[in-house]
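Below: the structure, in structure tokens.
The values are calculated or read from the model by the stated rules, or taken from the named source; none is laboratory data. Not measured: the values here are computed from a predicted model. A quick note on method: Cβ atoms are made from the backbone with ideal geometry, for glycine too, and the neighbour counts reach across all protein chains shown.
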Amino acid sequence: MSGPRKRLPRDDRRRQIVAAAIGVFGKHGYHAATTAELARAAGVSEALLYQHFDSKKDLLLAAIAQIGEWVHEGLQEVLAATRDPKVTLLQLSDAFREFTRSHPDVPRLALAL
């Protein structure tokens with residue numbers, strides 16, 4: 001028998017919900033995804049989901065913002081690594097390819113909107 005569930009700090013719980021939402025939106029699309037499914041994927045109740053986000057649309061916008069942050073961070077790392085334009089372009093291409101490999105739901109999310 002397991003003990004009581006550990007309560008996550010608000011920001012950590014929000015990140016957990018957003019990460020799960022990226023997967024659900026990527027798999028089913030925005031319109032087909034239900035809040036019940038989003039909550040289940042995040043391991044929270046729908047009531048808790050609504051404590052963090054006013055609507056499914058707000059959750060989608062948070063997911064898109066998170067993706068933007070990931071991309072921005074990756075770009076900054078590449079741009080800081082070299083001043084050679086050719087090397088920078090090649091590294092940006094590699095970074096983008098790696099990003100889509102490590103976050104396969106992101107391209108699917110864009111196609112599913």
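Filtered by the rule that a residue be in contact with a Ser or Thr (Cβ under 8 Å, 6 or more places away or on another chain) and outside any helix (DSSP H, G or I), region 76-113 gives a lone residue, Thr82. Any residue at all in region 31-52 that is under 16 Å from Pro107 (Cα atoms), at pLDDT below 95 and surrounded by fewer than 18 Cβ atoms within 10 Å (Cβ to Cβ)? Taking every residue of region 31-52 in turn, none turns out to be under 16 Å from Pro107 (Cα atoms), at pLDDT below 95 and surrounded by fewer than 18 Cβ atoms within 10 Å (Cβ to Cβ). Does region 75-97 contain any residue that is surrounded by 16 or more Cβ atoms within 10 Å (Cβ to Cβ) and either closer than 15 Å to Leu113 by Cβ or of a type in the set (Asp, Glu) (or both)? No, the conditions are met nowhere in region 75-97. Within region 98-113, restricting attention to residues that are exposed (fewer than 12 other Cβ atoms within 10 Å of the Cβ) and charged (D, E, K, R), the residue that is nearest to Ala32 (Cα to Cα) is Arg101. Check whether at least one residue in region 60-70 is in a loop (DSSP other than H, G, I, E, B), out of contact with any strand residue (DSSP E or B) (no Cβ under 7 Å at 6 or more places or on another chain) and exposed (fewer than 11 other Cβ atoms within 10 Å of the Cβ), and report yes or no. No, the conditions are met nowhere in region 60-70.
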